[in-house]
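Undergrad: First the structure, which I've put down as structure tokens, then a few questions once you've had a look.
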Amino acid sequence: LINLICDILNGDEREVRFHPNQLRSNTRLQPEHLNLLIPELKGVCIHTTHRNQDRIYRIKNILSTAVSMKFERDGKEVSVAEYF
């Protein structure tokens, strides 16, 4: 997924601006970069193997921060940042 994101953000430019080693969990992208990624990544399936069972997730949307994405857990609303 990180390589795909870099390919999308670098586009057809000869100079590589985004490299997989640069993108970390605390990397913030500019709004114009998010606008490039959103239509390209919507619907992409992600296969996870880090838990006891394999799961496949489909990307629905990209948000600017993990703080803005919230879900319900044990009857309480928590952000992705709070959860992890």
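Undergrad: Counting only residues that are out of contact with any Lys or Arg (no Cβ under 7 Å at 6 or more places or on another chain) and either among the polar types (S, T, N, Q) or within 20 Å of Ala66 (Cα to Cα) (or both), how many does the stretch 10-30 have?
TA: 11
Undergrad: Considering only residues of the stretch 51-84 that are among the charged types (D, E, K, R) and in contact with a strand residue (DSSP E or B) (Cβ under 7 Å, 6 or more places away or on another chain), which is nearest to Asn35 (Cα to Cα)?
TA: Here the residue is Arg58.
Undergrad: Name the residues in the stretch 8-31 that are within 14 Å of the chain's Cα centre (by Cα) and either assigned to a helix (DSSP H, G or I) or under 21 Å from Val80 (Cβ atoms) (or both), would you?
TA: Ile8, Leu9, Leu23, Arg24, Ser25, Asn26, Thr27, Arg28, Leu29, Gln30, Pro31
Undergrad: Quick check on the stretch 32-50. Is at least one of its residues over 16 Å from Leu1 (Cβ atoms), part of a loop (DSSP other than H, G, I, E, B) and either without any contact (Cβ under 8 Å) to a residue 12 or more places away in the chain or touching a strand residue (DSSP E or B) at 6+ places or on another chain (Cβ under 7 Å) (or both)?
TA: Scanning the stretch 32-50 turns up no residue that is over 16 Å from Leu1 (Cβ atoms), part of a loop (DSSP other than H, G, I, E, B) and either without any contact (Cβ under 8 Å) to a residue 12 or more places away in the chain or touching a strand residue (DSSP E or B) at 6+ places or on another chain (Cβ under 7 Å) (or both).
Yes/no matrix, rows are residues, columns are (1) at pLDDT below 90; (2) surrounded by 10 or more Cβ atoms within 10 Å (Cβ to Cβ); (3) of a type in the set (Asp, Glu):
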position	(1), (2), (3)
Cys6	no, yes, no
Asn10	no, yes, no
Phe18	yes, yes, no
Pro31	yes, no, no
Leu41	no, yes, no
His50	yes, no, no
Arg58	no, no, no
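The values are calculated or read from the model by the stated rules, or taken from the named source; none is laboratory data. For clarity, every value in this text was computed on a predicted model and none was experimentally measured. Please note: Cβ atoms are built from the backbone with ideal geometry, for glycine as well, and neighbour counts cover all protein chains shown.
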